[in-house]
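The values are calculated or read from the model by the stated rules, or taken from the named source; none is laboratory data. Model, not experiment: these values are computed from the prediction. All Cβ positions, glycine included, derive from the backbone under ideal geometry; neighbour counts span all protein chains shown.
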Amino acid sequence: MGIQVSITDAGEARQRDRTARRFRPERHRRGHPGPEWSERAPMAGTKRLHALVIDDEPAIRALLFDLLTTLMGAERVDIADNGATGLALFDQNRYDLVVTDFMMPGLRGSEVAEAVLRRDSQVKVVMLTGSATHEDVRRARLRGITVLTKPLTLHEIKDALERVLRGKDAGPARGH
């Protein structure tokens, strides 16, 4: 059946079913930001995908790291636990995709997304939210930011990220 994960408003990742894939705990103990699975299935056309994940919730960072590396075959995924750290990483590296949370301490996700787009208008930006207002979502979408509304399944996130990377709109934010 595979892994079924949903992201809730509280930012919790819940795993409902384990797969036969092997988790390599030795990688996790060395300070690796999340589990690494021994199998990778790169998404067509993304063999050199470089992504940045910015979220204050450790479980969400680990989930997005795994999604991008394991299911989408990203070559490089950097993670940051706040907007300021994320922008510092962005200034030092080139990314194809930035995934950020909307509500974080310090810089909000919308501020991070706008700063990223000012620095590089070609980068794809996806913002996850469980708390943005309809007006927040509208403003973000007008600036070219894809907004995904929690709760989301792993499948929904993966599909939306694939559409964004292919240059297509991920569709309307659910719940707005």
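Here are some notes:
- Filter result for Gly45 (modelled with pLDDT of 90 or more, closer than 15 Å to Lys158 by Cα, out of contact with any Cys (no Cβ under 8 Å at 6 or more places or on another chain) and not aromatic (Phe, Trp, Tyr)): no
- Yes/no for Val125 being of a type outside the set (S, T, N, Q) and touching a Phe, Trp or Tyr at 6+ places or on another chain (Cβ under 9 Å): no
- Residue match in segment 157-170 (condition: more than 14 Å from the chain's Cα centre (by Cα), modelled with pLDDT of 90 or more and surrounded by fewer than 22 Cβ atoms within 10 Å (Cβ to Cβ)): yes
- Pairs where the first residue, in segment 101-124, is closer than 16 Å to Asp136 by Cβ and the second is of a type in the set (A, V, I, L, M, F, W, C) and in a loop (DSSP other than H, G, I, E, B), C-beta under 6 Å, 6+ apart: Phe102/Ala132; Gly109/Phe102; Ala113/Ile145
- Counting the residues of segment 69-109 that are among the acidic types (Asp, Glu) and touching an Asp or Glu at 6+ places or on another chain (Cβ under 9 Å) gives 2.
- Some residue of segment 113-123 being buried (at least 21 other Cβ atoms within 10 Å of the Cβ) and modelled with pLDDT of 95 or more: yes
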